[in-house]
Amino acid sequence: MLIFRKPLEGIERPQMPADVVIVGGGPAGMACALRLSQLIDAHNAAHPDSQLSRENIYVLEKAREIGQHCLSGALLDPRSMRELLPGFEKEAPLDAEVTKEAVYFLTRNSQLKLPVTPPPLRDHGNYVISLNRFVKWLGSKVEQAGITIFTGFAGSELIFSDDTKDARVTGVRTDDKGVDKEGYQKSNFEPGYDLQAKVVILAEGPRGSLTKQLIQKFDLARNANPQTYGVGVKELWEVPAGRIAAGEVVYTLGWPLTTKEYGGAWIYGSPGNGPKDNIVSLGFVTGLHYPDPRLDPQRVLQEFKRHPFVAKLLAGGKMIRYGAKSLPYGGWWAIPPVSGNGWMILGDSAGFLNSARLKGIHLAIKSGMLAAEAAFDALTKDDSSAASLSAYQKKVESSWIKDELWKVRNMHQGFERGFYAGMFHTALQFVTGGRGLRNRYPAHAGHEHMRKLAELPADGGAEAHLLGPARGDGKLTFDKLTDLYHSGTKHEEDQPAHLVIDDTNICNTRCVKEFGSPCQNFCPANVYEMVEDASQPNGKRISLNPSNCVHCKTCDIADPYQIITWVPPEGGGGPNYDGM
Ligand SMILES: Cc1cc2nc3c(=O)[nH]c(=O)nc-3n(C[C@H](O)[C@H](O)[C@H](O)COP(=O)(O)OP(=O)(O)OC[C@H]3O[C@@H](n4cnc5c(N)ncnc54)[C@H](O)[C@@H]3O)c2cc1C
Ligand code: SF4
């Protein structure tokens, strides 16, 4: 029987007072911590008689080391970093400045270069970075500023003042360590801490687990469009020098996707550690609202690499890293309220991502800075009520975050009815400042687009090449386990499963028949398996390999019955996205 992870009940937990707890040490959380320390410095310099301390400001990061769970393309739009740390270019780990971009439309065997690069994809002046290295560097700045980052600690629950709709968020409970597979304490058991905080800031990235608790508890999304997501599957390659210049950027549309799916690929050139331009970051983002439950996003990337245009670039090269992560696509109308009684939400957790540009790092950083200003005011006034923290909401709405997202507010919804309708709406929105046919296009949650097997061609029809597991040739293409090996993923094996399935009977009786168990396909890490079991009505039973999980959150998002909840495993476990 599967035992699922949950905080142990009836145990005494260490209590720790805090001024501010930031959950998540990605770009948003780190920028927030750094800006807060800058504001405290300025205050202390101006007010020698009323010094503020930063001792009680904490960042919780579930990865063993800073940046280990950070995966992105990545191109950095430097706008917010120039505001946070003017002159940051001199010391930040930037791989190359973008000097050349191109967009291609791919058919099965050929490619057509668009004569003009669409404005959202013009990247001159942006930088190719590894988000992992960039966040490590930002984290070192935060630590130098005297703020404590607890690595290997996940926020596992929010603490509320009471059960009412007006409750205040009063803190964060961290993960229990040393719990065995059956849910019992091991000899190394350590209960999670209760961090009692004046302000709790959620910067957990896409589909944050505490953010999800908060949104559900207060029904925060009731006036927003449902958030929609894509999953990006990425590989890092070493290729023979001269194939692609450092700072060269290629985007592709079309193949291997058909007109029924949404997504595209990126290829970025980096210098690598040596003198040669020989590192290629490439990946494919597949919108998680595809109709066929047999589609496998990891296979989509493998099919993409088989295209002659890509295969030629990679020929003779070597895949060195792999990873996957979801990203919020829904845009401005899908953003819930971002502040309330004792809490604020930042970055991807809020949905601050410009999907037309495939960029969210600069928005995450900016949101962190604005939240820091609101938190600072709350600390100095000793008031972190909803009214006080609403300053953050107002700052976002009058900042360039809104300007940027407003122009593409309807972009992703336009693609809900396929590629051609999407291109039509995108063109119309472009000439009407983002409006298109109406000010707010509606959206549907991605999983609602998934069709039952009975409604689809048994042989997969035009999508056949995207369905089922990739076999891989071991050189250019890889099966999932080979790819997974290159993600450096490790967890404590003896712990309860952190993929919490509300009712496994649904998996064994309904999903296997109706949808063919799509968890086996959409999970990019082979966590879900349907194993033979003669005692089950369909002869199969769900089984989990939680240790494989790369924390992409796709299962929490894409499961058609919405019965899977991703909760953080024991802190320290997960992928190691070194250089990603
Ligand atoms: C495939 C892909 C390609 C992309 N390409 C680009 C690009 O080229 N340019 C660009 O600007 N943007 C790009 N983005 C988007 C960009 O990466 C995100 O917008 C950005 O990383 C968001 O930052 P964040 O701090 O909000 O979240 P994240 O970067 O996701 O960081 C969240 C952090 O919180 C930690 N965490 C989560 N939950 C908990 C918890 N409960 N307790 C403790 N720690 C927790 C995580 O381990 C992680 O370190 C891309 C995204 C993807 C997936
Ligand atoms: S189990 Fe879920 S979160 Fe983990 S890798 Fe698979 S799809 Fe991603």
Worksheet item: Given the conditions (1) within 22 Å of Val233 (Cβ to Cβ); (2) outside any strand (DSSP E or B); (3) hydrophobic (A, V, I, L, M, F, W, C), and given that Phe376 satisfies all but one, which numbered condition is not satisfied?
Response: (1)
Item to complete: Could you tell me which of the residues Asn545, Asn526 is without any contact (Cβ under 8 Å) to a residue 24 or more places away in the chain and within 15 Å of ligand 2 (Cβ to nearest atom)?
Response: Asn545
Worksheet, complete the sentence: Picked from region 66-98 (must be part of a helix (DSSP H, G or I) and not aliphatic (A, V, I, L, M)), the residue farthest from Leu282 (Cα to Cα) is Glu83
Discussion item. I'd like to check something: does region 529-540 contain any residue that is more than 12 Å from ligand 1 (Cβ to nearest atom), under 29 Å from Gly283 (Cα atoms), touching a residue at least 40 places away in the same chain (Cβ under 8 Å) and of a type outside the set (Gly, Ala, Ser)?
Written reply: no
Worksheet item: Can you tell me which residues in region 3-43 are out of contact with any Pro (no Cβ under 8 Å at 6 or more places or on another chain) and farther than 30 Å from Ile361 by Cα?
Response: Pro7, Glu9, Gly10, Gln15, Met16, Pro17
Worksheet item: From the residues in region 219-266 that are part of a strand (DSSP E or B) and charged (D, E, K, R), which one is nearest to the chain's Cα centre (by Cα)?
Response: Lys234
Fill in: Selected residue (only one of Ala311, Ala246 is farther than 26 Å from Cys549 by Cα and in contact with a Lys or Arg (Cβ under 8 Å, 6 or more places away or on another chain))
Ala311
Worksheet item: From the list Thr482, Thr477, which one is under 23 Å from the mean Cα position of the chain (by Cα) and closer than 30 Å to Val239 by Cβ?
Response: Thr482
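Each row is one residue, and each column tells you yes or no for (1) in contact with a Cys (Cβ under 9 Å, 6 or more places away or on another chain); (2) assigned to a helix (DSSP H, G or I); (3) under 19 Å from Glu397 (Cα atoms); (4) touching a residue at least 24 places away in the same chain (Cβ under 8 Å).
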| position | (1), (2), (3), (4) |
| --- | --- |
| Gln298 | yes, yes, no, yes |
| Phe304 | no, yes, no, yes |
| Asp348 | no, yes, yes, yes |
| Ala371 | yes, yes, yes, yes |
Discussion item. List pairs: first residue in region 507-519 and closer than 22 Å to Val231 by Cα and part of a helix (DSSP H, G or I), second residue within 15 Å of ligand 2 (Cβ to nearest atom) and not small (Gly, Ala, Ser) anywhere in the structure, Cβ distance under 6 angstrom, at least six positions apart or on different chains.
Written reply: Cys519/Tyr528; Cys519/Cys555
Worksheet item: Is there any pair with a first residue in region 460-476 that is free of Cβ contacts under 8 Å to residues at least 12 places away in the same chain and a second that is surrounded by fewer than 16 Cβ atoms within 10 Å (Cβ to Cβ) whose Cβ atoms are under 8 Å apart and which are 6 or more apart or on different chains, and what are they?
Response: Gly474/Thr482
Worksheet item: Which members of region 214-236 meet the condition of being crowded, with 20+ Cβ neighbours inside 10 Å, away from ligand 2 (no atom under 16 Å from the Cβ) and either farther than 19 Å from His447 by Cα or of a type in the set (Ser, Thr, Tyr) (or both)?
Response: Leu214, Thr228, Leu236
Worksheet entry | Residues located in region 111-145, provided they are small (Gly, Ala, Ser), surrounded by fewer than 19 Cβ atoms within 10 Å (Cβ to Cβ) and closer than 24 Å to Ile279 by Cα | Gly125
Response to the item:
Filtering region 280-296 down to residues that are in contact (Cβ under 8 Å) with a residue 60 or more places away in the chain, within 16 Å of ligand 1 (Cβ to nearest atom) and not in a loop (DSSP other than H, G, I, E, B) yields Ser281, Gly283, Val285, Gly287
Fill in: Single residue of Gly474, Gly579 found to be modelled with pLDDT under 95 and not hydrophobic (A, V, I, L, M, F, W, C)
Gly579
Fill in: Yes/no for Phe419 being surrounded by 18 or more Cβ atoms within 10 Å (Cβ to Cβ), within 25 Å of Pro524 (Cα to Cα) and among the aromatic types (Phe, Trp, Tyr)
no
Worksheet entry | Search result, residues across region 1-41 that are among the acidic types (Asp, Glu), part of a loop (DSSP other than H, G, I, E, B) and touching a residue at least 40 places away in the same chain (Cβ under 8 Å) | Glu12
Worksheet item: Among the residues of region 117-154, how many are of a type in the set (S, T, N, Q) and closer than 15 Å to Val21 by Cα?
Response: 2
Practice prompt. Having 3 or more residues that are buried (at least 19 other Cβ atoms within 10 Å of the Cβ) is the bar; report the strands (runs of 3 or more DSSP E) wholly within region 151-213 that clear it.
Written response: 155-160, 169-174, 194-202
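The values are calculated or read from the model by the stated rules, or taken from the named source; none is laboratory data. Given the structure is predicted, the values throughout are model-derived calculations rather than measurements. Positions of Cβ are backbone-derived with ideal geometry, glycine not excepted, and every protein chain shown enters the neighbour counts.
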